[in-house]
1. Label the stretch 59-119 by shape, choosing from rounded, prolate and oblate, from the square roots a ≥ b ≥ c of the eigenvalues of the Cα gyration tensor; if a/c is under 1.5 it is rounded, and otherwise prolate applies when a/b is larger than b/c, oblate when it is not.
2. Which length gain, in nm to one decimal place, applies between Leu84 and Val96 when the Cα-Cα distance is subtracted from 0.36 nm times their residue separation?
3. With runs of 4+ DSSP H residues as the only contributors, calculate the mean residue ellipticity of the chain at 222 nm using -39,500 (n - 2.57) per run, divided by the residue total and rounded to the nearest 500.
4. If R0 is 35 Å, what FRET efficiency do you get for Arg71 and Ser103 from their C-beta distance, rounded to 0.05?
5. Could you work out the relative contact order of the chain, using alpha carbon pairs under 8 angstrom and six or more residues apart, expressed as a whole percent?
6. In sequence order, what are the phi-derived ³J(HN,Hα) couplings for the stretch 67-77 according to the Karplus relation 6.51 cos²θ - 1.76 cosθ + 1.60 with θ = phi - 60°, rounded to whole Hz, with x for glycine and proline?
7. Helix 45-55 sits at what angle to the longest principal axis of the chain, using alpha carbons and giving 0 to 90 degrees rounded to 10?
8. What are the ³J(HN,Hα) couplings of the stretch 78-87, residue after residue, when phi is run through the Karplus curve with 6.51, -1.76, 1.60 and θ = phi - 60°? Round to Hz, x for glycine and proline.
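Only the coordinates and a few stated rules stand behind these numbers; no lab work does. Note that the structure is a prediction, hence the values are computed from the model and not measured. Cβ placement follows ideal geometry from the backbone for every residue including glycine, while neighbour counts extend to all protein chains displayed.
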Amino acid sequence: MKPLIKWDETLVTGWSFMDDDHVRLIEMVNAVHAASRSGKGDEMIPRLIDELTDYCRTHFGKEETAMRQSRYPLAADHKMQHDLMMVRVAELEKGVAEGNAISASDLVSFLTDWQSDHIRRHDRDLARYLAKRASVGRGI
Ligand SMILES: [Fe+2]
Ligand SMILES: [Fe+2]
């Protein structure tokens, strides 16, 4: 099993509307990881997927609003990453509804990889752009 996501400075964007949500998702993934180690991870899957659905809607919505309002030039690419994740989460939700077994450790690995990569590349690029605008007095 892959290690937990550890919150460190490579994940910090400096914007609380992003960082607070990222910390929340990492905590969720880490909780399932911990449960998996004691053989109880699979029981947590339906709740995790519910929370992920909610997270995608609200968190991605906040970032996409910031991208629109700031006329972020890489918005289309960033939004595509969000859309792909939402498709994946919708598939997982369907799988759970149909009674398919979803492995907690596979889901933890997938989310760990996705979250780390997405924050480090796409979210931090957006954060830098917003900071640059803020520094010239244009804010978000
Ligand atoms: Fe994002
Ligand atoms: Fe994000």
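1. Taking the square roots of the gyration eigenvalues as a ≥ b ≥ c, the stretch 59-119 is prolate.
2. Computed gain between Leu84 and Val96 is 2.5 nm.
3. After summing the helix terms and dividing by the residues of the chain, the value is -21500 deg cm²/dmol.
4. 0.25
5. 36 percent
6. Each residue's phi maps through the Karplus curve to give 5, 5, 5, 9, 6, 5, x, 9, 4, 5, 5 Hz.
7. Helix 45-55 sits at roughly 10 degrees to that axis.
8. After applying 6.51 cos²θ - 1.76 cosθ + 1.60, I find 5, 5, 4, 5, 5, 4, 4, 5, 5, 5 Hz.
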